[in-house]
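A.B. asks: Starting off with a structure, shown below.
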Amino acid sequence: MPLQILIISDNESFTTYLGELLQDAGHATRSVAQEKEAFPAIRRQKPDLIILALEASKIAPLAIEHRVQTPEGPRSVPVIVISECLRLEAELLQVFDFIGKPLDVKRLLEDVAAVALRKSLPSQDQELEPRLAAVFSRHILSRSGLHFDQRNRPALTRGLLKRMSALRLTDFKEYFQYLKEHGEDRHELQKLLQFLTVGETYFYRYPAHFEVLKERFAEHAISTAPIRIWSAGCSTGEEPYSIAMALMEALPDWRQRDIRIIATDINNRSLKRARDGVYSPWSMRITTPEQSQRYFRRVGESFLIRDEVKQLVQFSHLNLSIPCREPVCDELQNLDAIFCRNVLIYFTPETACGMLQRFTRALKPSGLLFLGHSETLLQRGLDLELRRRERSFYYVKSASAAEPGVITPLPLAPPAEADPYSGLTAEQIRLATAWLNEQKPWQGEANPTPTQTPPQPSERSDRSQPPEPSRPVAAAQDDAQLLQAARELFDREEFDPALELLELVLRRRPDLPEALVLKGFILAGKGALEQALTTSERVLALNDLLPEAYFLKGVLLDAADRLDEAAREYRKALLLDHDFIMPRFHMGRLHLRQGRLAEGTREIRNSIKILSRCGEEETIPFSGGLTRAVCMLQLQNTLARVT
């Protein structure tokens with residue numbers, strides 16, 4: 001079937017060559033030479049395909065999803081990019097294809113023929129059946145080391161659908177064949193991994209880790225030895241830049257020192273963003289005003305990392321699961337510290353254990369290892385000593401450590417015990433005790449039966465020693481206080497420790513609505529949407545006057561594009577709690593998505609009014625740990641875009 005093709009190229013001779021080539025293949029072509037002419041031409045001509053062949057700096061703004069209005073309704077127009085700037089391929093993941101120069105004519109003609117056949121986009125709500133999920137998981141594991149089990153299936157499905165949309169493939173089986181055929185020659189596996197390994201992060205995440213780092217180097221400030229730190233799985237750069245800023249604060253003479261932070265990741269797109277060093281307010285949500293002013297430059301709504309911070313960090317591509325043969329590998333030895341937080345969850349226990357052996361060998365004696373909060377049980381059998389700081393933990397390599405031997409892989413979580421509290425890990429014991437020791441009794445919605453105030457400890461100065469187990473087990477009798485501890489962990493996005501505390505409560509009180517609804521939000525955050533929806537309905541059957549339950553159900557229906565049903569649940573939440581900010585904010589955004597600007601702006605303005613009555617540093621419930629200040633900024637930005 002002949003296509004109407006729009007060529008956007010600033011090279012006249014190349015435009016002529018492309019036009020003749022495509023016309024000989026039976027297609028009709030038109031062209032524009034300047035990028036400013038492109039959008040009017042797309043709206044006017046409504047092409048079936050766009051070919052971009054501009055200089056590299058002009059490609060990205062045009063390499064987007066273009067939608068045109070036709071008598072049959074809106075239609076998406078695929079884009080093929082032709083460029084000699086090969087690094088762009090890892091960034092332009094939404095285009096139909098990226099072809100380098102010199103032009104591969106056969107590949108271009110195959111692409112055009114495929115566009116003629118693939119007329120529709122895949123449905124974004126289709127399910128990936130278990131058998132096919134296992135097929136994809138085995139294929140990805142065998143070629144990258146990344147492991148996607150049942151708990152990761154929603155993330156796997158979302159990543160597959162994004163690549164299928166770019167390629168206009170509507171069937172998972174068809175995409176798997178494409179992935180097998182073009183995983184290497186068209187870098188399809190690498191493109192898919194860009195969508196599967198995106199880590200949500202922000203500056204100074206787990207602040208206690210950076211306090212430990214600052215104290216370690218402040219204590220040894222007299223030493224002039226080189227400082228080498230590895231950020232393994234650095235994502236978009238917030239972590240290694242936070243490490244750099246911590247060192248700058250700990251060492252007044254940092255400019256005279258040999259400091260290098262080696263930041264690696266498998267995701268090239270994330271590495272590009274990290275090198276650019278441009279961040280949104282969302283990444284800055286726990287950064288202090290003093291830190292923002294010292295280490296960043298504000299440009300509009302963006303925060304640009306200053307060059308003096310950038311110069312301490314070196315970014316490199318690295319797959320942690322395979323033998324290290326990249327040039328950067330020579331530097332990954334005799335390290336002062338390694339950060340590998342919330343990365344091991346992407347790998348099988350066997351692969352993760354091998355990586356931990358490698359980390360241990362790479363550390364200096366007394367070197368520091370920082371892991372994610374859900375990865376605490378993988379360290380057994382290594383020459384690593386567990387230390388605790390506030391609500392976090394870390395490891396120190398033994399000063400007399402020998403090369404580690406082969407270790408048996410361990411499960412990520414211990415098996416459940418018959419005794420409701422015998423499954424309490426040392427970390428959960430510490431969290432519960434720390435909260436009970438430091439907080440005032442919580443006056444919550446559950447109206448728990450009054451219990452005796454737990455005795456205060458006589459000594460609280462040594463945070464590195466675990467508390468006696470008997471004390472938190474006795475204190476844990478108060479389910480309301482354990483529930484509040486779980487709420488605080490949830491607000492800091494420490495979902496696994498929060499879920500473990502909730503499970504302790506629910507073992508004794510399986511029908512406690514407040515614990516169930518919080519569990520529902522955590523399940524939703526992990527991608528278990530159907531399980532979360534079932535939980536929300538169970539909560540409402542137990543207590544149909546709990547606004548959080550209606551909000552949870554609304555969020556889940558919203559995510560499933562059942563917008564009218566979601567709106568009804570948001571309204572119910574607001575009828576029960578007029579000042580509940582998050583369902584009001586979601587309601588406003590839902591109106592805006594449906595084109596109801598007046599209703600949307602009204603809800604956003606009402607949210608701002610309610611928020612203005614909150615304390616500046618108050619955490620907004622069910623907002624993902626946002627303070628009033630950051631939440632206010634998000635609301636104002638949303639309003640500014642539509643007014």
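The values are calculated or read from the model by the stated rules, or taken from the named source; none is laboratory data. None of these values were measured; they are calculated from a predicted model. Reconstructed Cβ throughout: ideal geometry from the backbone, glycine too, with neighbour counts over all protein chains shown.
A.B. asks: It is to be established whether one or more residues within the range 202-215 are hydroxyl-bearing (Ser, Thr, Tyr) and over 17 Å from Val343 (Cα atoms).
C.D. replies: No, the range 202-215 contains no residue that is hydroxyl-bearing (Ser, Thr, Tyr) and over 17 Å from Val343 (Cα atoms).
A.B. asks: Out of the range 599-611, which residues are modelled with pLDDT of 85 or more and either within 26 Å of the chain's Cα centre (by Cα) or farther than 18 Å from Asp558 by Cα (or both)?
C.D. replies: Thr601, Arg602, Ile604, Arg605, Asn606, Ser607, Ile608, Lys609, Ile610
A.B. asks: Okay, moving on. Quick one: Arg255 ticks every box in (1) basic (Lys, Arg); (2) at pLDDT 90 or above; (3) crowded, with 17+ Cβ neighbours inside 10 Å bar one, so which box is it?
C.D. replies: (3)
A.B. asks: Further, regarding this structure: What strands (runs of 3 or more DSSP E) completely inside the range 34-99 contain at least 1 residues that are over 29 Å from the mean Cα position of the chain (by Cα) and on the phi > 0 side of the Ramachandran plot?
C.D. replies: 73-77
A.B. asks: Checking Pro2 against (1) in a loop (DSSP other than H, G, I, E, B); (2) of a type outside the set (Ser, Thr, Tyr); (3) within 25 Å of Glu91 (Cβ to Cβ); (4) in contact with a strand residue (DSSP E or B) (Cβ under 7 Å, 6 or more places away or on another chain), which test does it fail?
C.D. replies: The one condition Pro2 does not meet is (3).
A.B. asks: I'd like to check something: does the range 215-232 contain any residue that is part of a helix (DSSP H, G or I), assigned by TED's automatic domain parsing to the domain that holds Asn334, among the small types (Gly, Ala, Ser) and free of Cβ contacts under 8 Å to residues at least 60 places away in the same chain?
C.D. replies: Among the residues of the range 215-232, at least one is part of a helix (DSSP H, G or I), assigned by TED's automatic domain parsing to the domain that holds Asn334, among the small types (Gly, Ala, Ser) and free of Cβ contacts under 8 Å to residues at least 60 places away in the same chain, which makes the answer yes.
A.B. asks: Which condition does Ala573 not pass, out of (1) loosely packed, with under 15 Cβ neighbours inside 10 Å; (2) closer than 26 Å to Leu523 by Cβ, if it passes all the others?
C.D. replies: So Ala573 meets the others, but not (1).
A.B. asks: Counting residues that are at pLDDT 80 or above, of a type outside the set (Gly, Ala, Ser) and more than 20 Å from Ile620 (Cα to Cα), which helices (runs of 4 or more DSSP H) fully inside the range 465-508 reach at least 3?
C.D. replies: Result: 495-508.
A.B. asks: Then there is this: Take the conditions over 25 Å from Lys106 (Cβ atoms), loosely packed, with under 13 Cβ neighbours inside 10 Å and not small (Gly, Ala, Ser) and apply them to Arg75. Does it pass?
C.D. replies: No, not satisfied.
A.B. asks: Here's another thing I want to ask about it. Which one of these is among the charged types (D, E, K, R), surrounded by 18 or more Cβ atoms within 10 Å (Cβ to Cβ) and within 30 Å of Asn11 (Cβ to Cβ): Asp104, Asp97?
C.D. replies: Result: Asp97 is the single residue among Asp104, Asp97 that is among the charged types (D, E, K, R), surrounded by 18 or more Cβ atoms within 10 Å (Cβ to Cβ) and within 30 Å of Asn11 (Cβ to Cβ).
A.B. asks: Continuing with this model, one more query. Select, from Leu52, Leu92, Leu109, the only residue that is of a type outside the set (Val, Ile, Thr), buried (at least 16 other Cβ atoms within 10 Å of the Cβ), in the same structural domain as Ile8 (by TED's automatic domain parsing) and closer than 23 Å to Gln23 by Cβ.
C.D. replies: Result of the check over Leu52, Leu92, Leu109: Leu52.
A.B. asks: Phe580 passes all but one of (1) surrounded by fewer than 18 Cβ atoms within 10 Å (Cβ to Cβ); (2) at pLDDT 75 or above; (3) under 23 Å from Leu489 (Cα atoms); which number fails?
C.D. replies: Condition not satisfied by Phe580: (1).
A.B. asks: One residue is enough: does the range 28-49 have a residue meeting the conditions in contact (Cβ under 8 Å) with a residue 60 or more places away in the chain, surrounded by 14 or more Cβ atoms within 10 Å (Cβ to Cβ) and touching a strand residue (DSSP E or B) at 6+ places or on another chain (Cβ under 9 Å)?
C.D. replies: yes
A.B. asks: Another one. Quick check on my filter: what residues within the range 319-354 are free of Cβ contacts under 8 Å to residues at least 60 places away in the same chain and crowded, with 21+ Cβ neighbours inside 10 Å?
C.D. replies: Residues satisfying the conditions are Leu344, Ala352, Cys353.
A.B. asks: Being of a type in the set (Phe, Trp, Tyr) and without any contact (Cβ under 8 Å) to a residue 24 or more places away in the chain is the filter; apply it to the range 159-178 and report the residue that is nearest to Val135 (Cα to Cα).
C.D. replies: My answer is Tyr175.
A.B. asks: Looking at the range 52-67, can you tell me whether even one residue there is modelled with pLDDT under 95 and in contact with a Pro (Cβ under 7 Å, 6 or more places away or on another chain)?
C.D. replies: Yes, the range 52-67 contains at least one residue that is modelled with pLDDT under 95 and in contact with a Pro (Cβ under 7 Å, 6 or more places away or on another chain).
A.B. asks: Which ranges mark the strands (runs of 3 or more DSSP E) fully within the range 301-343 that have 1 or more residues being out of contact with any Cys (no Cβ under 9 Å at 6 or more places or on another chain) and closer than 15 Å to Thr236 by Cβ?
C.D. replies: 302-305, 313-317
A.B. asks: Under the condition of being in contact with a Leu (Cβ under 7 Å, 6 or more places away or on another chain) and surrounded by 19 or more Cβ atoms within 10 Å (Cβ to Cβ), which residue from the range 168-187 is farthest from Arg107 (Cα to Cα)?
C.D. replies: Phe172
A.B. asks: Still on this model: Counting only residues that are among the β-branched types (Val, Ile, Thr) and either over 25 Å from the mean Cα position of the chain (by Cα) or at pLDDT 80 or above (or both), which one in the range 358-400 is farthest from Leu501 (Cα to Cα)?
C.D. replies: Only one residue fits best here, namely Thr360.
A.B. asks: Go through (1) at pLDDT 90 or above; (2) in the same structural domain as Cys614 (by TED's automatic domain parsing) for Leu590 and report which single condition fails.
C.D. replies: Answer for Leu590: the failing condition is (1).
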